[in-house]
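A short worksheet on the structure shown next.
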Amino acid sequence: MGKLFGVVLAIIAILSAYPIVAHWYVQPVDISTHGHAIDEQLADTMAEAGLSFLGAQLLLAFFVWRFSQRKPGSRVWNIPGGATLMVAAAFILVGTEILALGVLGQKAWANVYFTPPKPDAMQIQSQAGQFAFYFRYPGVDGKFGPLHPDKIDEGNSNFFGLDPANDVESRDDIVSAELDVPVNREIQLLMHAKDVGHSFYVRELRIQQDFVPGLDLAVHFTPTQTGKYEIVCTQLCGLGHYNMKAYLNVLSQEDFDKWMKQKISEQ
Amino acid sequence: MEQTQPQSVHVHAPPEGFLWKYVFSLDHKVIGKQYYGLALIAVFTGMILSWLMRFHLVWPNAKIVGLDLISKSGAPGGVITPEYYLSLLTMHGTLMVFFVLTNAPFAGFGNYFLPIQIGAEDMAFPRFNMMSFWTTAAAFLVLVLAFFIPDGPPISGWTAYAPLSAVGSDAGPGLGWGQNLWAISIGLFCIGQLLGSLNFIATTLDLRTKGMTLMRMPICTWAWFITSCIGLLAFAVLLPACLLLILDRMAGTSFFIPSGLVISDRLQNHAGGSPLLWQHLFWFFGHPEVYIAILPAMGIVSHVLVTSMRKPLLSAKVIIYSMISIGFLSYMVWGHHMFVSGMNPFSSLLFSFPTLTITIPATILTLIWLGSLYGANIRITAASLFALGFVSMFVSGGVTGFFLAQPSIDIYLHATYFVVGHFHMVMGVAAIFGILSGTYFWFPKMTGRMMNETLGQLHFWFTFIGTYCIFMPFHYLGLVGNVRRYASFIDDFMPALMPVHRFVTIAALITGAAQFIFLYNLIHSRFFGKPATDNPWDGTSLEWSIPSPPPWNNFGGKHPVVYHDAHQYGVKGEKGDFIMQDSPETAAG
Amino acid sequence: MAATTVVTSPISQIADATRVSGHVEASRSGIWVGIFAIIMSFAALTSALLVRQGSGEWSHIVIPSILYANTLILLLSSVTMEMSRRALAKSAGVTAWIGITLLLGLSFVAGQYLAWRHLAAQGLYLATNPNSSFLYVFTGMHALHLLGGIAVLVYLLGRVIGGYTSLRPHLLDNTAVYWHFMGGLWLYLLFVISTRL
């Protein structure tokens, strides 16, 4: 049985690593300027964690294969170096790994969170509610009108609770169920939760950020490829959670202008 | 307070009558078995819930015969609705984390063996002990009651993030009385665990028998002791958090609910609360909880391994210090659950470093187990197979922690199946392996009968291969961005992944079915198993020096004297290659 | 359990002195460990207060002045608790001192209740605003813990009325530790209440 354990574990370890090595499961294409650093970090971590995984599993498999069910009363002995060797190995191996990953990882994190958006970044407000995303563009005046939660009326498509009758700034605000953005332009997404917690996740953008009720957060990103991408909710928000999604349409500047013009004329 | 008096601690008199012997028993061994039994009910319930979830994910329209009898609205005609899927998910998580992973390895085995291993007649406060079990049992009943009320079980997940969990039934089904029951249940559970932890600490500190210095305690005793210290802090924080949640729900306060929420077209009458406050309080408990589940398993596995290897571990001291540092660090890392929650991004980096650092003691533990196997003479039994399986699972689940500890990678992997794979392996399956290893190992002591070894090993192979088949693919799914907690996969890119999900579901059904081999073995052996000797595994610790099963007062009224630590293996002793802790002989080499 | 079990229990007959002291030690550790857990709970509530204060809708409320009178009563009860310990050592007047401590403890709880009534009269209920929520939670949780101590005092009083011999000093000592802790905890809470709420 000991030998069997060794063989089975070795097979499991190799089979587990194979889909990764063979690149069966890779992240969707990266369409952001900051995503590259995250992918690189992920790949580095995969290499280090993968080697640790294979090393430890194969060692365990070999030791059990070699040292199980020997004759009763067989001599037992300790590995040269003993506990000191193990502790030293853990400190050196994992310590370097931590330093390397920790320091490198900060760069990727800083790209997303510590670099402020450029002043010319395009501001779009996103509101998450059970179970839909809505997006609001400030319109020609470049200003968002204030929100009045008591004015929210889904029946009349007032998803944000705007009051154009009294707020001048709200009058030209454009509300859309899809996030249309021009390519290669920095976007700052102002995040507002209407009811409970939600999250904004676009795999291709390498962005995931919770909507926290009562806390107005913001993320910024620059999409680099045109196309239609899925925005999904990743924070458990109720019975329709699995069905809460929207689309990110990254358009060329001309297409975006056309879209914007059309939206304005619809008002 | 009576039990604090010297006269009454000399345990209770021998129990008489069914009620006092088996139900409201003060005997730590009976209480330990009660905890174990409760965990057994919870684990099979939780497993069946996971079957239903896996089944629904890949055959969303298939009817499950009889399910509509349990919940007419949740599964009309036997087809699970999206909200019932979330109910199953919440109950699965809550049952498993609280009532299985905390109850069995810590409260169950700990209660049974901690006093024996330190040579005590019982816990320091037997009455508190009995109360702590019955509080936990009440918590269990309150939780399960949620299945049978019209509102149904809560749908907010085992983490019960506010405001979803706090605003009441406007936000969806199960969030009315279902969520109330959840909050009350967890509050009760905290009280039970606090009493239990207090008992464990006082017992370990003050009731050790003559010669049983702290460093002579077996590693699993240490693990239970450290766990009870962690539990005392963790549950002391979760309890007030639950209280505040209950007040928000029932008394209309606004601790976790901010202003201006519009739910179901209704403006909520709350103002100024902080949803992140719940997350901070919950994860301050929640992360240490992971170690509450895994540390006892580490202790049990070390105990089983050292007995099976016939040689001491490379260093028991290093293992103990590593466990202590894990316990210590576990309080500095809770923020790593909140990297994308809108917490200050600098805090994310601050939480990332201790999280990465915690891998150092974890790696030391792994290397000590691995290195100790070198040159050993491993006896292969169901118990030792599960212990070796634990090491393998701990490594597999541990290395993926590297990814999630880094905030930058967590941006991509957070809330995907990668996380599900990670915590199921390192916390769920690894701890379950510890529990199973402990069960095969200690069953002879607890019942006086041996378990069937063939069935045990068969159970191991199904479980070992099966769990890898279930949880390894989760990581791949996460890497491509498969989001967790979805009742069905209608995203554009999901259909391509369905074959993987189908494979996982089939593996889960088979692996789960194999657990019934274990249940059969457990029950059958209890009555018809081969009679066990006092020391069937040639162990050294004190539990092996007394009859199987032990008498009600453990050592028959005598007080054992301890001469050695618990690791005298690979030596020439009177009885073989080991010397028992209470044997005065000296190791000849 | 009555003192007679000492005689009937088969184990206690062979019990040696170290075992007995082990259990005395255990009850002392138990009290300190319990205190530690309570500190942790109130620390969690305090941090909840700080986070909640930063989150908004925070106003200040005037706290009922009866709380200061209650504080004096509770501090006084700690003194009488010490007196009962001395009395036990001298085997004289224990009943009286424990009785007085118990009465003071009960008056404190009654006083806290009056403070609640006072708040309610001002229109400040549990859910009125975050400040009143925390005030009720803090005072309520503290009173609940103190009632635990009061229950033990009632039990002790019953024991001393039955005769000094059945009251082990360490039992009273432990109760005193807990009681003083409750006093200290209240001072801390009063500080938090008066500066933050």
Spin-label model distance (nm) - A:D39 vs A:D163, 7 Å beyond Cα toward Cβ: 4.8 nm
Rule-of-thumb Rg ratio for segment B:147-250 [Cα; 2.2 N^0.38 Å; N residues]: 1.45
Calculated P(r) tail over 12 Å for segment B:486-538, as whole % of Cα pairs: 76 percent
For segment B:301-408, alpha-carbon Rg relative to the globular expectation (2.2 N^0.38 Å, N residues): 1.27
Segment B:253-265 - phi-based ³J(HN,Hα) in whole Hz, Karplus 6.51/-1.76/1.60, Gly and Pro as x: 6, 10, 7, 10, 10, x, 7, x, 7, 10, 10, 6, 6
Helix B:316-329 vs. chain B, principal-axis angle (Cα, 0 to 90°, nearest 10): 20 degrees
Cross-link partners of A:K143 among lysines (Cα-Cα below 30 Å; sequence separation of 8 or more within a chain): A:K118, A:K151, A:K194, A:K228, A:K245, A:K258, A:K261, A:K263
Contour minus Cα-Cα distance for A:D257 and A:A177 (0.36 nm per residue): 27.1 nm
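Taking the Cα centre of segment A:122-266 as the origin, how large is its charge dipole in debye, to the nearest 20, when only Lys and Arg (+1) and Asp and Glu (-1) carry charge on their Cβ atoms? Intermediate results must be reported in sequence, preceding the final value.
Working: 13 positive and 21 negative charges, 78 e Å.
Roughly 380 debye, rounded to the nearest 20.
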Chain B - percent relative contact order, Cα under 8 Å, separation 6 or more: 15 percent
Value of Rg/Rh across segment C:28-196 [Cα atoms, Kirkwood radius]: 1.03
Distance-filtered residues of segment C:93-136 - backbone nitrogen under 16 Å, label point 7 angstrom along C:A69 Cα→Cβ: C:104-121
Assigned charges on the beta-carbon of Lys, Arg, Asp, Glu; the protein assembly as shown dipole about Cα centre (debye): 3320 debye
Max mean-square fluctuation residue, GNM over chain A, Cα-Cα springs under 10 Å, options A:L104, A:L251, A:L54: A:L54
Whole-Hz ³J(HN,Hα) from phi, Karplus 6.51 cos²θ - 1.76 cosθ + 1.60, for segment B:134-146, glycine and proline x: 5, 5, 5, 5, 4, 4, 4, 5, 4, 5, 5, 4, 4
21 Å tail of the calculated P(r), segment B:231-385, as % of Cα pairs: 59 percent
Label-to-label distance, nm, for residues given as B:K558 and B:I490 (7 Å Cα→Cβ offset): 7.1 nm
Neighbourhood net charge (9 Å Cβ-Cβ; Lys/Arg +1, Asp/Glu -1) for A:M191: -2
Built amide H within the under 5 Å cut-off of A:D180, gap 5+: A:N249
Residues with amide H under 5 Å from that of A:I207, placed H, sequence gap 5 or more: A:V202
Kirkwood-type radius of the protein assembly as shown, with distances r between different C-alpha atoms, in Å: 30.8 Å
Cα convex hull of segment A:120-199 - mean projected area over all directions, nm²: 5.6 nm²
Amide H contacts under 5 Å for A:Q123, placed H, 5+ residues apart: A:Q188
For segment B:161-305, with +1 on Lys and Arg beta carbons and -1 on Asp and Glu, the positive-most of B:G176, B:Q268, B:L281 along the dipole: B:L281
In order through segment A:227-234: 3J(HN,Hα) via Karplus (6.51 cos²θ - 1.76 cosθ + 1.60), integer Hz, x for Gly, Pro: x, 10, 10, 8, 9, 10, 8, 10
Cα-based helix-to-principal-axis angle, A:35-67 vs chain A, degrees rounded to 10: 20 degrees
Spacing of the two label points (7 Å from each Cα toward its C-beta) at A:A88 and A:Y247, in nm: 6.2 nm
A:T96/B:A513 FRET efficiency (R0 45 Å; Cβ-Cβ; nearest 0.05): 0.50
Relative intensity, log₁₀ I(q)/I(0), of segment B:427-490 from a Debye sum that treats every alpha carbon as a point, q = 0.23 Å⁻¹: -1.01
Rel. contact order, % - alpha carbon contacts under 8 angstrom, at least six apart, segment A:122-266: 26 percent
Theoretical FRET efficiency, 1/(1+(r/R0)^6), r = Cβ-Cβ of C:L76 and B:L214, R0 41 Å, to 0.05: 0.50
Sorted largest first, extent of segment B:32-545 alpha carbons per principal axis (Å): 68, 45, 43
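Restrict the search to segment B:204-300; then list the trypsin sites (Lys or Arg not before Pro) that DSSP places in a loop and that have at most 16 other Cβ atoms within 10 Å of their Cβ.
The qualifying sites are B:K210.
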Between helix B:177-206 and chain B: long-axis angle, C-alpha atoms, 0 to 90°, nearest 10: 20 degrees
Estimated 222 nm signal from helices in the protein assembly as shown, with DSSP H stretches of n ≥ 4 weighted -39500 (n - 2.57), rounded to 500: -19500 deg cm²/dmol
Using alpha carbons only: equivalent-ellipsoid semi-axes of segment A:122-266, gyration tensor based, whole Å: 21, 21, 13
Average silhouette area of segment B:11-109, convex hull of alpha-carbon atoms, in square nanometres: 7.8 nm²
Spatially proximal lysines relative to B:K63 (Cα-Cα < 22 Å; intrachain offsets below 8 disregarded): B:K72
Estimated FRET transfer efficiency when R0 is 60 angstrom, pair A:E186-C:I161 (beta carbons, to 0.05): 0.15
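None of the figures in this text is laboratory data; all of them are computed from the coordinates on show. None of these values were measured; they are calculated from a predicted model. FYI the Cβ positions are ideal-geometry reconstructions off the backbone, even for glycines, and counts take in every protein chain you see.
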